[in-house]
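**Q** Before I ask anything, here is the structure I am working with.
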Amino acid sequence: MEIYTIGGFNEVGKNMSVVKTGDDAIMLDAGLYLPAVVELQEEEEQQIEYSEKKLRSIGAIPNDTLLDSLGLRDKIRAILLGHAHLDHIGAVPYLSYRYNAPIAGTPFTMSVLKKILEDEKARIPNKMNVVQPNSKFLVKGKKRTYEAEFINMTHSTIHTSMIALHTPEGVVVYANDFKLDNTPVLGLPPNYDALKRIAKQGVKALIVDSLYSGDERKTPSEKIARAMIEETLITIENDNSAIFVATFSSHIARLKSIVDYAKKLNRNVYFIGRSLKKYTSAAIDVGMCPFKDQIYVGSYKKQVEAILKKVAKNRKNSIVVCTGHQGEPGSIMDRLSRGDLPFNFQKNDHIIFSSRTIPTPVNIANKERMDKRFRKLGVRIFDNVHVSGHGGREDLRDLISILNPENIIPSHGSTQQLTPVIELAREMGFRSGRECHLMQDGQKLTL
C-alpha cells in the first residue's frame with residue numbers, strides 16, 4: 001500500500017490524500033487553502049471568478065499534478081469527501097474533471113457541493129453519489145471492488161464522516177476532521193460501535209486531524225457552546241441594544257442555538273450574506289434545518305441593505321446573524337465596521353463572535369483591525385463564544401486507543417501542529433518513523 005499526502009500536511013487546509021493499493025487509487029478530499037482565497041469564501045459584494053490556473057498559481061488548491069508524473073491520474077477510482085467545509089471540498093469544481101471517477105459524500109456535503117457548483121456556474125463530468133451517514137459506498141477498481149464506510153462523526157458541520165476504506169491490506173481510516181462529542185446539538189453522536197468493529201478487522205493506517213493536537217484537553221461538546229450562547233444572549237442586559245452575531249455559516253448546530261435563544265428574546269432573526277444562504281439552503285434541502293421557518297434570509301446587496309435599514313428602525317426586536325467573523329475583506333462584518341452599509345452602531349450595541357480566529361497570520365491581522373474599528377464605535381464585543389470542532393490531545397488519545405492502528409499519519413496542519421501527534425503516539429508505544437509518520441505535502445509513504 002502507498003499513501004500520498006498531497007495537501008494539508010504543511011498547512012491548515014488544501015486537504016487531499018490518495019491511497020494506492022494494487023492497480024487502484026482512491027482520493028480522499030480535495031480542499032481549498034482558504035487564506036489564499038479569503039475573498040472567495042465569503043465575498044458578498046460581487047462574485048469573483050477563479051480559474052484552475054489562477055488557483056494553482058496562488059497555491060490555493062492541492063498540487064495533484066504530482067499524480068500525473070507518478071502515473072496515478074488514470075488509476076483514481078473515486079473521490080471520497082469527508083464533510084462540507086471548503087478546505088475539504090472547495091477544490092472539487094476545479095480538479096475533479098481530471099479524473100474518470102465518481103464523487104461520494106454525505107447528503108449535506110453533496111448538497112453544499114451542488115450549491116458551490118451553481119454559484120460558480122460550473123459543471124463537472126463526475127457522477128455525484130449521496131451516501132447516508134453510517135452507510136457504505138462501493139468503489140469499483142480494475143479487478144476488485146472496495147468498500148468505503150462513511151462512519152458518522154461529530155465536527156463543526158453536520159453529516160461529517162470518518163471514511164473507512166476497506167482494502168485487502170487492511171482498513172485505512174480517514175479522520176479529517178473530528179471531535180468526540182457525545183451530546184451534539186444537531187445530528188448523531190460518533191458511531192463508536194463501527195470504530196470498534198473496524199479496529200477488530202485491523203486498521204492499517206489512520207490519517208488524522210491534528211490541528212489542536214498540541215492542546216492538552218478534550219474538546220468540549222457543542223452543548224457547551226449552546227450554553228455560552230444562552231449566557232451571552234439571555235443573561236446580559238440588551239433590551240435596547242442592537243445584536244449582531246457572526247459565526248461559521250456551515251455550522252448548522254450553532255445557528256440553531258442562536259435562533260433558539262433569539263426567539264426567547266422575542267427578536268426577529270435575520271441571516272445576511274451569501275454563504276449563510278448557501279449553507280442554510282443546503283441544510284433545508286436535506287431536511288437538517290429545524291429553524292427554517294424562524295429566519296429571514298437576505299443575500300444580495302439590495303436585500304442586505306433593506307434588512308439593515310429595517311433593523312436600524314427596530315433595533316431592540318431584531319438580531320442579525322452574518323458572515324465575517326475572521327474579518328475577511330468584503331464580508332458583512334468587515335463592511336459594517338467600515339460604515340459601508342446602511343447601519344450605524346450605537347454605544348452598548350452587542351457584537352458576538354461565536355467563533356475562534358483561525359490561526360493563520362492573514363486572519364489574525366484582519367480580525368484585529370476589524371475589532372479596533374468596532375471598539376472606536378463604542379460597541380460591546382463578546383469574542384470566542386465558541387467551542388472548537390477539532391479534537392484536542394485527549395480526543396486523539398481516545399481515538400487511537402479505540403482504533404489501535406498499525407500506522408498513524410497526522411494531517412490538517414503545519415509541521416508544528418502535526419508534531420504533537422508524533423509525541424503522543426510515541427507516548428502510546430508507537431515508534432516514530434516506523435509506525436507514526438510525520439509527512440509533508442507531495443510525499444509518498446509505502447507501508
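**Q** What spacing in nm lies between the two simple spin-label points modelled at ILE236 and SER57, each 7 Å away from Cα in the Cβ direction?
**A** It works out to 4.4 nm between the two label points.
**Q** Further question on the same structure: Calculate, in nm to one decimal, what ALA199 and LYS292 gain on full extension: separation in residues at 0.36 nm each, minus their alpha carbon distance.
**A** Working: separation 93, 0.36 × 93 = 33.48 nm, distance 3.93 nm.
Separation in residues times 0.36 nm, less the Cα-Cα distance, equals 29.5 nm.
**Q** Please list PHE9, PHE248, PHE345 from largest to smallest accessible area, probe radius 1.4 Å, with all protein chains kept in place. Mind dumping the intermediate values first?
**A** On the way: PHE9 0, PHE248 45, PHE345 25 Å².
Listed by decreasing accessible area, they come as PHE248, PHE345, PHE9.
**Q** Which percent, to the nearest 5, of DSSP beta bridges fully inside the chain are antiparallel? The partial results should precede the final answer.
**A** Working: 33 of 76 bridges.
Counting DSSP beta bridges with both partners in the chain, the antiparallel share is about 45 percent.
**Q** If you place +1 on the Cβ of every Lys and Arg and -1 on the Cβ of every Asp and Glu, how big does the dipole about the Cα centre of region 215-338 come out, in debye to the nearest 20? Could you put the intermediate results ahead of the total?
**A** On the way: 22 positive and 13 negative charges, 110 e Å.
Computed charge dipole of region 215-338: roughly 520 debye.
**Q** Name the residues whose placed amide hydrogens come within less than 5 Å of the amide hydrogen of THR167, ignoring near sequence neighbours (fewer than 5 apart) on the same chain.
**A** VAL172
**Q** How far is it, in nm, from the label point at MET428 to the one at ARG123 when both lie 7 Å from their Cα along the line to the Cβ?
**A** Calculated label separation equals 4.7 nm.
**Q** Rg to Rh for region 257-404: what is it, with Cα atoms only and Rh by Kirkwood? Spell out each step's value before the answer.
**A** Values: Rg = 17.4 Å, Rh = 17.0 Å.
In region 257-404, Rg relative to Rh is 1.02.
**Q** Could you tell me which residue out of ILE422, PRO410, VAL385 lies farthest along the dipole of region 376-436 toward its positive end? Charges go on the beta carbon: Lys and Arg +1, Asp and Glu -1, centred on the Cα centre.
**A** VAL385
**Q** Which percent of Cα pairs goes in each bin when the distances of region 224-322 are cut into 10 angstrom slices starting at zero?
**A** Distribution as computed: 16, 51, 30, 3 percent.
**Q** Which of GLU118, GLU435, GLU222 moves most in a GNM of the chain, Cα contacts under 10 Å?
**A** The residue with the greatest mean-square fluctuation here is GLU118.
**Q** Express the relative contact order of the chain as a whole percentage, based on alpha carbon pairs under 8 Å and six or more residues apart in sequence.
**A** Values: 1033 pairs, mean separation 87.5, N = 447.
Computed value for the chain: 20 percent relative contact order.
**Q** At 1.4 Å probe size, what's the solvent-accessible area of ASP340? Round to the nearest 10 Å².
**A** The value for ASP340 is about 90 Å².
**Q** Oh, and also: What spacing in nm lies between the two simple spin-label points modelled at ILE224 and ARG338, each 7 Å away from Cα in the Cβ direction?
**A** Here the answer is 3.6 nm between the modelled labels.
**Q** Please arrange VAL297, VAL92 by accessible surface area, largest first, computed with a 1.4 Å probe and ligands excluded.
**A** From most exposed to least exposed: VAL297, VAL92.
**Q** Hey, if we sort TYR4, TYR300 by accessible area with the 1.4 Å probe, largest down, what's the order? If you can, show how the numbers build up before the last one.
**A** Details: TYR4 10, TYR300 120 Å².
So, going from the largest accessible area down, we get TYR300, TYR4.
**Q** Okay, moving on. State to the nearest 20 debye the size of the charge dipole of region 382-443 about its Cα centre, where the only charges are +1 on K and R beta carbons and -1 on D and E beta carbons.
**A** Details: 5 positive and 9 negative charges, 43 e Å.
Value, rounded to 20: 200 debye.
**Q** Taking the Cα centre of region 29-187 as the origin, how large is its charge dipole in debye, to the nearest 20, when only Lys and Arg (+1) and Asp and Glu (-1) carry charge on their Cβ atoms? The partial results should precede the final answer.
**A** Working: 18 positive and 20 negative charges, 212 e Å.
That gives a dipole near 1020 debye.
**Q** Just the number please: accessible area per residue for the chain, 1.4 Å probe, all protein chains included, in Å². Don't skip to the answer; put the middle values down first.
**A** Working: 17440 Å² over 447 residues.
Counting only protein heavy atoms, the per-residue value for the chain is 39 Å².
**Q** Say R0 is 41 Å: what FRET efficiency, to the nearest 0.05, do LYS313 and LEU438 get from their beta-carbon distance?
**A** Values: r = 57 Å, r/R0 = 1.39.
My answer for the efficiency is 0.10.
**Q** Now, a different point. When the label point is put 7 Å from the Cα of THR446 along its Cα-to-beta-carbon vector, which residues of region 132-154 have a backbone N closer than 17 Å?
**A** Inside the label zone: nothing.
The values are calculated or read from the model by the stated rules, or taken from the named source; none is laboratory data. These figures come from a predicted structure and were not determined experimentally. For neighbour counting, all protein chains shown are included, and Cβ atoms are generated from backbone atoms with ideal geometry for every residue, glycine included. Side chains included, ligands, DNA and RNA excluded: accessible areas come from the protein's heavy atoms. Shrake-Rupley method; radii C 1.70, N 1.55, O 1.52, S 1.80 Å.
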